[in-house]
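Structure record follows, encoded as structure tokens.
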Amino acid sequence: MKNVDYIKTWQQTTQNNYGIPALALVKGKGLVVTDADGKQYLDFLGGIATNVLGHAHPAIVKAVSKQIAQLGHVSNFYAHPNALALASKLIAMTGDKTARVFFCQSGAEANEAALKLSRRSGRNRVIAAQGAFHGRTIGALSMTGQPAKREPFLPLLKGVKHVAFGDIDAMRRAINRKTAMVILEPIMGEAGVIIPPTDYLAAVRELCDKHGALLVIDAVQTGMGRTGDWFGYEYSGIKPDVITVAKGLGGGLPLGAMIALGNAATLFQPGDHGSTFGGNPVTTAAGLAAVSVIEKEKLMKKAVIHHENLLTDIALIPGVKEVRGAGLLIGIELDKNNASDIAKLMMDAGVLVNAANASTIRIAPALTVSPAQIKKFISVLRKVLSDDK
Ligand SMILES: *Cc1c(COP(=O)(O)O)cnc(C)c1O
């Protein structure tokens, strides 16, 4: 079957919630993927910031193969060594021994878990940012600050207020003793890689402390080493009450986690929440393998070095208005509102990226990206933008 056959089958078999894809991908190795027509692409989107080690990484393949052959699933009636080992790793990453982990499968579920946890404080109001993305289930969508995604599904949860991202005065006006939680991405990914002022998170932390509200950091996109540290908020010096992760956590397998710290870690009581697959032996085996490779190969340090090089080179390309981000989560703002056209032309030229919004190209390649692959990306971007002039 060719790309066209798969696209036709897609339309005959799946619901129309995504729009129609341009390609069917059938193979991958490292940062190179192959479509059904045999054409190869350099993958600079990484399954949307998810394939931290690229495709078919030997460590992931080995860990998953070994675990599925030994014991595939146990449910949370029983403990499993992999889930416990990964939970210990995540606790160590927070730098706080009081942290406790709840495993799920996705970012939306991790944020749903945080939302339910916050209700156990006895309060039920939430503050989130305009433009933020926290997922598509009803609770997560209620916190997502993008009108186009929300409006078809109104009414959503009551008591959720959206304030301008990075505006501490707006946060100060919105927060009060009824606020259960404030949820923020350290860098807004889906909104187009938007960075808040450097002191914003610390100022929000102070307001949350003053009013007794939980501060939830949604590190689903920024987490697992992508931005140069484990969760993406560490530069701010704050300690959140809750951290949510997913995307990169499972090294390409569906795995999410809601990590609560300090008093927040004791809010859930037996029976309060659960997930059949949460902490599954196979997905946590993949997560452990991913974390171990990130540590061993110092991929977070490399992400920071790649960032500097990418930023310098991209900024010099005519047609680029601004380039921003952290580590290997980068938004490239173009002069024109033609990001989807540019993304399509880059695909034709053999590089996968996406348009986060009308004027912004987002890249989130595997942390294992090589300098040669970065060079190739830069040259294709330069060529596509110059042809477009
Ligand atoms: C992708 C994303 C989510 C949702 O994750 P899913 O796994 O698609 O449910 C939540 N928050 C952020 C910041 C994301 O980037």
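When each of S88, S65, S118, S142 is tested for being in a helix (DSSP H, G or I), without any contact (Cβ under 8 Å) to a residue 60 or more places away in the chain and within 21 Å of I175 (Cβ to Cβ), the lone residue that passes is S142.
Considering the range 222-256 alone, what residues qualify as being assigned to a loop (DSSP other than H, G, I, E, B), among the polar types (S, T, N, Q) and touching a His at 6+ places or on another chain (Cβ under 9 Å)? Break it down stepwise before answering.
Kept after step one, since they are assigned to a loop (DSSP other than H, G, I, E, B), are these residues of the range 222-256: 222-233, 237-241, 246, 251-255.
Filter again for among the polar types (S, T, N, Q), leaving 222, 227.
If the condition is that a residue be assigned to a loop (DSSP other than H, G, I, E, B), among the polar types (S, T, N, Q) and touching a His at 6+ places or on another chain (Cβ under 9 Å), then T227 is the only one that fits.
From the list I294, I314, I259, the lone residue that is in contact with a Leu (Cβ under 9 Å, 6 or more places away or on another chain), assigned to a strand (DSSP E or B), among the aliphatic types (A, V, I, L, M) and buried (at least 18 other Cβ atoms within 10 Å of the Cβ) is I259.
G262: away from the ligand (no atom under 15 Å from the Cβ), over 19 Å from the mean Cα position of the chain (by Cα) and not hydrophobic (A, V, I, L, M, F, W, C), yes or no? Step through it out loud before you land on a result.
Details: away from the ligand (no atom under 15 Å from the Cβ): yes; over 19 Å from the mean Cα position of the chain (by Cα): yes; not hydrophobic (A, V, I, L, M, F, W, C): yes.
For G262, the condition - away from the ligand (no atom under 15 Å from the Cβ), over 19 Å from the mean Cα position of the chain (by Cα) and not hydrophobic (A, V, I, L, M, F, W, C) - is met.
Among the residues making up the range 288-342, those that are under 21 Å from the mean Cα position of the chain (by Cα) and farther than 24 Å from L53 by Cβ are V323, R324, E333, A339, S340. Annotation: of all residues in the range 103-120 being crowded, with 24+ Cβ neighbours inside 10 Å, more than 8 Å from the ligand (Cβ to nearest atom) and not acidic (D, E), the one that is farthest from G252 (Cα to Cα) is S118. Annotation: of all residues in the range 20-49 being within 23 Å of V220 (Cβ to Cβ) and away from the ligand (no atom under 16 Å from the Cβ), the one that is surrounded by the fewest Cβ atoms within 10 Å (Cβ to Cβ) is P21.
Flag set for D229, criterion: surrounded by fewer than 23 Cβ atoms within 10 Å (Cβ to Cβ), among the charged types (D, E, K, R), at negative phi and at pLDDT 95 or above. Across the range 358-389, the number of residues qualifying as surrounded by fewer than 21 Cβ atoms within 10 Å (Cβ to Cβ), in contact with a helix residue (DSSP H, G or I) (Cβ under 8 Å, 6 or more places away or on another chain), modelled with pLDDT of 95 or more and over 30 Å from K296 (Cα atoms) comes to 3. Looking at the range 197-207, can you tell me whether even one residue there is within 16 Å of the ligand (Cβ to nearest atom), of a type outside the set (A, V, I, L, M), in a loop (DSSP other than H, G, I, E, B) and in contact with a helix residue (DSSP H, G or I) (Cβ under 9 Å, 6 or more places away or on another chain)? Within the range 197-207 (the criterion being within 16 Å of the ligand (Cβ to nearest atom), of a type outside the set (A, V, I, L, M), in a loop (DSSP other than H, G, I, E, B) and in contact with a helix residue (DSSP H, G or I) (Cβ under 9 Å, 6 or more places away or on another chain)), the answer is no, since none of the residues qualifies. Of all residues in the range 76-102 being among the small types (G, A, S) and surrounded by fewer than 19 Cβ atoms within 10 Å (Cβ to Cβ), which is farthest from V216 (Cα to Cα)? Per the criteria, the residue is A79. Considering the range 129-149, the residues that are away from the ligand (no atom under 11 Å from the Cβ) and of a type in the set (A, V, I, L, M, F, W, C) include one that is surrounded by the most Cβ atoms within 10 Å (Cβ to Cβ), namely I138.
When residues in the range 178-196 are screened for being β-branched (V, I, T) and away from the ligand (no atom under 12 Å from the Cβ), 3 of them pass.
The values are calculated or read from the model by the stated rules, or taken from the named source; none is laboratory data. Values in this document were obtained by computation on a predicted structure and should not be read as measured data. So basically every Cβ, Gly included, is an ideal-geometry build from the backbone, and we count neighbours across all protein chains shown.
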